[in-house]
Amino acid sequence: MTEIVYWDCNKHAERLYYETKDEAIEAYLDDVRIEEFPEKLIVYGWAHMEPSLRDGDTLEGVLDSLDETFGDPDGGPSDITPRMKEAEKEFHRIVLEEYTPWMCERVCEEEVDVKEWVREHRPDWVKGGV
């Protein structure tokens, strides 16, 4: 399963701040008058996007650079060898293993019963009960 790293009650959030579902719910409700609390609230989970690299991009770029400086000006591009292709795949694998993307995408949504959430997490918001 994808690891959820942020939560927000805004389906189209441009900035993500809340690392827990409860932080996101509290922040949303904190800006709403108690009399206007919705019965239900949708909270969205966000995860880092899964990055990918296209085969050939890295290798062709390196060969273009080498050919520009060291290649035959009247010749075509250098040939890609099987060993070069394997090295590119290994390079991509390691880069993707080590890279943590900043961009996130919505991966889940959960409906929250607001009265129940307030009773459990913020009973101090209402004196006579919700």
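The values are calculated or read from the model by the stated rules, or taken from the named source; none is laboratory data. Bear in mind that the values here come from a model prediction, so they are computed numbers and not experimental data. For neighbour counting, all protein chains shown are included, and Cβ atoms are generated from backbone atoms with ideal geometry for every residue, glycine included.
Inspection of the range 47-57 finds a residue satisfying the criterion of being in contact with a Pro (Cβ under 9 Å, 6 or more places away or on another chain), under 30 Å from Val118 (Cα atoms) and outside any loop (DSSP other than H, G, I, E, B). For Val95, the criteria (1) of a type in the set (Val, Ile, Thr); (2) exposed (fewer than 13 other Cβ atoms within 10 Å of the Cβ); (3) assigned to a loop (DSSP other than H, G, I, E, B) hold in every case but one, which is (3).
Okay, residues lined up against (1) touching a residue at least 12 places away in the same chain (Cβ under 8 Å); (2) exposed (fewer than 10 other Cβ atoms within 10 Å of the Cβ); (3) touching a helix residue (DSSP H, G or I) at 6+ places or on another chain (Cβ under 7 Å); (4) within 30 Å of Arg122 (Cα to Cα):
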| residue | (1), (2), (3), (4) |
| --- | --- |
| Glu14 | no, yes, no, yes |
| Ile25 | yes, no, yes, yes |
| Ile34 | yes, no, yes, yes |
| Val43 | yes, no, yes, yes |
| Trp46 | yes, no, no, yes |
| Val62 | no, no, no, no |
| Asp74 | no, yes, no, no |
| Cys108 | yes, no, no, yes |
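Every test in (1) surrounded by 13 or more Cβ atoms within 10 Å (Cβ to Cβ); (2) assigned to a helix (DSSP H, G or I); (3) not small (Gly, Ala, Ser) is passed by Leu66 save one, and that test is (1).
Within the range 23-46, if we keep just the residues that are in a helix (DSSP H, G or I) and among the aliphatic types (A, V, I, L, M), the residue that is modelled with the lowest pLDDT turns out to be Ile34. Of all the listed residues (Glu116, Glu109), the sole one being assigned to a strand (DSSP E or B) and at pLDDT 95 or above is Glu109. Do we find that Trp102 is more than 30 Å from Lys127 (Cβ to Cβ) and touching a Phe, Trp or Tyr at 6+ places or on another chain (Cβ under 7 Å) in this structure? Considered against the rule, which asks whether it is more than 30 Å from Lys127 (Cβ to Cβ) and touching a Phe, Trp or Tyr at 6+ places or on another chain (Cβ under 7 Å), Trp102 comes out as no. Within the set Thr81, Thr100, the sole residue that is closer than 30 Å to Lys21 by Cα, loosely packed, with under 11 Cβ neighbours inside 10 Å and of a type in the set (Val, Ile, Thr) turns out to be Thr100.
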